[in-house]
Amino acid sequence: MKKLLILNGPNLNLMGEREPGVYGNESLDDINRQIEQKGKELGFECHFFQSNWEGAVIDQIHEARKEYAGIILNAGALTHYSYAVRDAIAAIHIPVVEVHCSNVHAREEFRHTSVISPVCAGSIVGFGKNSYLLALNAFEMLL
């Protein structure tokens with residue numbers, strides 16, 4: 001069974017509480033359980049990590065290259081400005097699929113730019129928790 005890291009950045013620990021009109025009513029733990037179930041159905045073993053600290057996200061990306069076949073990454077606000085996260089993704093040789101629950105292109109202008117997209121295998125945005133589930137389907141094609 002191939003292993004995937006589901007990596008969530010800043011403020012995603014508040015899913016279900018933070019702006020439910022944008023991010024939905026389900027907690028990150030609820031969403032992770034659904035990802036885990038769908039992953040099993042597709043033959044993936046999913047592991048989860050969330051941090052509000054940029055360095056911890058980068059450390060997880062670095063470590064993932066040793067253990068995982070790929071990463072599903074919701075970098076949160078780091079998406080829009082963290083060249084350090086971008087460089088970490090570029091430095092590893094496993095696919096990373098960028099996900100966002102909201103349609104970042106329909107929100108504030110600063111959210112329209114992703115500095116990590118150019119080094120990711122692809123991006124899935126705007127489908128709520130299903131963005132993660134669609135990313136699992138993408139890994140069926142990538143791996």
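Which one of SER117, SER102, SER51 is more than 22 Å from LEU14 (Cα to Cα), surrounded by fewer than 21 Cβ atoms within 10 Å (Cβ to Cβ), under 14 Å from the mean Cα position of the chain (by Cα) and of a type in the set (Ser, Thr, Tyr)?
Details: SER102 fails: more than 22 Å from LEU14 (Cα to Cα); SER51 fails: more than 22 Å from LEU14 (Cα to Cα).
Residue meeting the stated conditions: SER117.
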If you check HIS93 against the conditions, is it assigned to a helix (DSSP H, G or I) and open to solvent by 10 Å² or more (accessible area, probe 1.4 Å)? no
Selection within segment 18-31 - small (Gly, Ala, Ser), at pLDDT below 95 and open to solvent by less than 60 Å² (accessible area, probe 1.4 Å): GLY24
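Considering only residues that are more than 12 Å from ALA135 (Cβ to Cβ) and either assigned to a helix (DSSP H, G or I) or open to solvent by 70 Å² or more (accessible area, probe 1.4 Å) (or both), which ones fall in segment 32-44?
Applying the first criterion (more than 12 Å from ALA135 (Cβ to Cβ)) to segment 32-44 yields 32-34, 36-37, 40-41, 43.
Within segment 32-44, ASN32, ARG33, GLN34, GLU36, GLN37, LYS40, GLU41 qualify.
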Need the failing condition index for SER102 against (1) at pLDDT 95 or above; (2) outside any helix (DSSP H, G or I), just the number. (1)
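Taking segment 1-17, which residues are open to solvent by 60 Å² or more (accessible area, probe 1.4 Å) and not aliphatic (A, V, I, L, M)? Reasoning before the result, please.
Looking only at segment 1-17, we keep the residues that are open to solvent by 60 Å² or more (accessible area, probe 1.4 Å), and these are 1-2, 11, 13-14, 17.
Correct list: LYS2, ASN11, ASN13, GLU17.
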Residues in segment 120-143 that are assigned to a helix (DSSP H, G or I) and open to solvent by less than 40 Å² (accessible area, probe 1.4 Å) total 7
How many of the residues in segment 54-89 are closer than 15 Å to SER114 by Cα, open to solvent by less than 70 Å² (accessible area, probe 1.4 Å), out of contact with any Cys (no Cβ under 9 Å at 6 or more places or on another chain) and not in a helix (DSSP H, G or I)? 2
Quick check, is TYR81 touching a residue at least 24 places away in the same chain (Cβ under 8 Å) and over 15 Å from the mean Cα position of the chain (by Cα)? yes
Hey, LEU134 under 23 Å from GLU36 (Cα atoms), in contact (Cβ under 8 Å) with a residue 60 or more places away in the chain and not aromatic (Phe, Trp, Tyr) or not: no
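The values are calculated or read from the model by the stated rules, or taken from the named source; none is laboratory data. From a predicted model like this one, the values you see are computed outputs, not experimental measurements. Note that each Cβ is placed from the backbone with ideal geometry, even for glycine, and that neighbours are counted across all protein chains shown. When the accessible area is computed, the model is the full protein with side chains, heavy atoms only, and any ligands, DNA or RNA have been set aside. Shrake-Rupley method; radii C 1.70, N 1.55, O 1.52, S 1.80 Å.
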